[in-house]
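S.K.: Sharing a structure with you now.
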Amino acid sequence: MIALRTLASALALAAAAAAQAPTCGPDVVVDDFAKTQSAVIGGESRPVNLLGGDYGAQGVTWSIDTAKRAVVLTAGTANIGVPEPQANPGTAPTVNYWFAKFDAGACFDLTKFTAIEFDLVGPAGSDMNFTLTQKAANCADRLVDSAYNPLSKYLRMDGTKKHVSLPLKDFATNLVGGKYDMLHLKDWTAVNIVPAGAVFELSNLVLKGCAGAAPSASASTTAPKTSGGAAPSASPAAPSAAGPSPTQAQKAGAERSAAAGIIGTVAAAVAALLV
Ligand SMILES: *[C@@H]1O[C@H](CO)[C@@H](O)[C@H](O)[C@H]1NC(C)=O
C-alpha cells in the first residue's frame, strides 16, 4: 500500500519533470552557402536556403558567393522609417534590413533550439541589430517583434572572422515587454546594418539545438561542460561569442539530470512494489 502510494507520487513527479524537460533537438544547418537555389513562394520565385525559407532585404545589396560559401551583405541606406509601426514600436528609424526565414510558410517553431549561430566577417566599428519577427498563432497575422539585440552586445567586428552566437533567451521578450512566442517565428532579421558601405560575409548559418548534450534522458547524468556551439574546430576566431552557449547546455544538462534522477526514483518505487 505504501509502495503503491510511493509509486503514484513518484509517477506524478516524473510527469511534472517530463512537462518541464527541454524539448531540444539536434543542430540544424540553415545554409552552408555552397549553392544558390530558389523556390516559388507566394507565387514568386524567391532565393531560398536549405530549409526552404527565403531571404530578402531592403537597403542591403546581397548575394551568395558559393566560392566563399558565404552570403555577402553590403549596407546601404533606404530611408525606410519605421517600416511596420505596429510590429516594431519604439525602435530607431530603419535604414536597411536583411532577413532569413527558416521555412517557406514564415511560421517556424524555434522551441527546439537554443541559439542562432554563424560566422561573420565585418569591418571594425560596424554593427547591426538582430530581431525575431513574430507571426500570430494563425500563422498569418504579424505581431510585435522581439527585443532588438545589437551585434556589439556579443562581440566587436575587426575585419576577421568571428563566430557569433545569438542566444534565443535574449529574444524571449518582445518590444512592448510581452512574451515573444517562439512557436511562431516569422523571420530572423538584421536591422540597421551600419555604416553605409560596410561589407559583411556571413557563413555557416545554423540553428543550435541542445549543443553537446546527450540526446536521451537516460544516456547520461553528467552535464557536458562545454557546448558544441563553441565550435573550437570550425572557426579560428571563436572565443568571445562562446559565452552564452555552455550556460544553456549546462542548464539543459542539469534539467536532464534532474529528470534522470526522478526516473531513478520511479524505478526504485517500482522495485519496492515488486518485493
Ligand atoms: C538597435 O535598436 C535599438 C532600438 O531601436 C536602438 O536603440 C539601437 O540604437 C539600435 N542599435 C543599432 C546598432 O542599430
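The values are calculated or read from the model by the stated rules, or taken from the named source; none is laboratory data. Worth saying up front: this structure is predicted, and the values here are computed from it rather than measured. Quick reminder, even Gly has a Cβ in these numbers, built from the backbone with ideal geometry, and neighbours come from all protein chains shown.
S.K.: Considering only residues of the stretch 181-197 that are in a loop (DSSP other than H, G, I, E, B) and away from the ligand (no atom under 12 Å from the Cβ), which is nearest to the chain's Cα centre (by Cα)? Spell out the reasoning first.
M.R.: Applying the first criterion (in a loop (DSSP other than H, G, I, E, B)) to the stretch 181-197 yields 181-184, 195-197.
Pick out the ones that are also away from the ligand (no atom under 12 Å from the Cβ) and you get 181-184, 196-197.
On the way: 181: 13, 182: 10, 183: 12, 184: 13, 196: 27, 197: 27 Å.
Applying the filter and picking the extreme gives 182.
S.K.: Is there a residue being modelled with pLDDT of 95 or more and among the hydroxyl-bearing types (Ser, Thr, Tyr) anywhere in the stretch 75-93?
M.R.: No, because not a single residue in the stretch 75-93 is modelled with pLDDT of 95 or more and among the hydroxyl-bearing types (Ser, Thr, Tyr).
S.K.: State whether one or more residues within the stretch 199-212 are within 16 Å of the ligand (Cβ to nearest atom), surrounded by 22 or more Cβ atoms within 10 Å (Cβ to Cβ), of a type in the set (A, V, I, L, M) and at pLDDT 95 or above.
M.R.: Pass one, the stretch 199-212, residues within 16 Å of the ligand (Cβ to nearest atom): 200.
Of the ones still in play, those that are also surrounded by 22 or more Cβ atoms within 10 Å (Cβ to Cβ) are 200.
Now drop any that are not of a type in the set (A, V, I, L, M), which leaves none.
Within the stretch 199-212, not a single residue is within 16 Å of the ligand (Cβ to nearest atom), surrounded by 22 or more Cβ atoms within 10 Å (Cβ to Cβ), of a type in the set (A, V, I, L, M) and at pLDDT 95 or above.
S.K.: Within the stretch 62-96, work out how many residues are without any contact (Cβ under 8 Å) to a residue 40 or more places away in the chain and farther than 26 Å from residue 135 by Cα.
M.R.: First, pick out the residues of the stretch 62-96 that are without any contact (Cβ under 8 Å) to a residue 40 or more places away in the chain: 62-64, 66-67, 78-83, 85, 93.
Then drop every residue that is not farther than 26 Å from residue 135 by Cα, which leaves 63-64, 66-67.
Here the count works out to 4.
S.K.: A follow-up question, please. When the residues of the stretch 123-153 are filtered to those that are within 12 Å of the ligand (Cβ to nearest atom) and either small (Gly, Ala, Ser) or assigned to a loop (DSSP other than H, G, I, E, B) (or both), which remaining residue is farthest from residue 29 (Cα to Cα)?
M.R.: Filtering the stretch 123-153 down to residues within 12 Å of the ligand (Cβ to nearest atom) leaves 125-131, 145-153.
Of the ones still in play, those that are also either small (Gly, Ala, Ser) or assigned to a loop (DSSP other than H, G, I, E, B) (or both) are 125-126, 145-148, 152.
On the way: 125: 29, 126: 26, 145: 24, 146: 23, 147: 24, 148: 23, 152: 24 Å.
Here the residue is 125.
S.K.: Now for a separate question. Restricting attention to the stretch 108-122, report how many residues are assigned to a strand (DSSP E or B), in contact with a Gly (Cβ under 9 Å, 6 or more places away or on another chain) and not aliphatic (A, V, I, L, M).
M.R.: So in the stretch 108-122, the residues assigned to a strand (DSSP E or B) come out as 108, 115-121.
Checking which are in contact with a Gly (Cβ under 9 Å, 6 or more places away or on another chain) leaves us with 108, 115, 117, 121.
Narrowing the set further to residues that are not aliphatic (A, V, I, L, M) leaves 108, 117.
The total comes to 2.
S.K.: Hey, another quick one. How many residues does the stretch 1-59 hold that are under 28 Å from residue 208 (Cβ atoms), among the small types (Gly, Ala, Ser) and at pLDDT 95 or above?
M.R.: 7
S.K.: Further, regarding this structure: Those residues that are among the β-branched types (Val, Ile, Thr) and in a loop (DSSP other than H, G, I, E, B), I need them from the stretch 87-107; list them, please. Break it down stepwise before answering.
M.R.: The initial filter retains those residues of the stretch 87-107 that are among the β-branched types (Val, Ile, Thr), namely 91, 94-95.
Hits for the stretch 87-107 are 91, 95.
S.K.: Output the qualifying pairs, or none if there are none: Cβ atoms under 6 angstrom, residues six or more apart or on different chains, first residue in the stretch 183-197 and more than 16 Å from residue 126 (Cα to Cα), second residue of a type in the set (D, E, K, R) and buried (at least 20 other Cβ atoms within 10 Å of the Cβ).
M.R.: 184/135; 186/135; 187/101
S.K.: Identify the residue in the stretch 45-86 that is hydroxyl-bearing (Ser, Thr, Tyr) and either more than 16 Å from the ligand (Cβ to nearest atom) or part of a strand (DSSP E or B) (or both) and, among all such residues, is farthest from the chain's Cα centre (by Cα). Working first, answer last.
M.R.: Restricting attention to the stretch 45-86, the residues satisfying the condition of being hydroxyl-bearing (Ser, Thr, Tyr) are 45, 55, 61, 63, 66, 74, 77.
In the following step, the residues that additionally are either more than 16 Å from the ligand (Cβ to nearest atom) or part of a strand (DSSP E or B) (or both) were identified as 45, 55, 61, 63, 66, 74.
Working: 45: 26, 55: 16, 61: 24, 63: 22, 66: 24, 74: 23 Å.
Applying the filter and picking the extreme gives 45.
S.K.: Next question, about the same structure. Kindly indicate whether residue 92 is surrounded by fewer than 16 Cβ atoms within 10 Å (Cβ to Cβ), of a type outside the set (Val, Ile, Thr) and within 14 Å of the ligand (Cβ to nearest atom). Break it down into steps so the answer makes sense when it comes.
M.R.: Details: surrounded by fewer than 16 Cβ atoms within 10 Å (Cβ to Cβ): yes; of a type outside the set (Val, Ile, Thr): yes; within 14 Å of the ligand (Cβ to nearest atom): yes.
It is true that residue 92 is surrounded by fewer than 16 Cβ atoms within 10 Å (Cβ to Cβ), of a type outside the set (Val, Ile, Thr) and within 14 Å of the ligand (Cβ to nearest atom).
S.K.: Give the residues of the stretch 154-169 that are outside any strand (DSSP E or B) and under 21 Å from residue 203 (Cβ atoms), sorted by residue number. First the steps, then the outcome.
M.R.: Of the residues in the stretch 154-169, the ones outside any strand (DSSP E or B) are 154-160, 168-169.
Passing the criteria: 154, 155, 156, 157, 158, 159, 160, 168.
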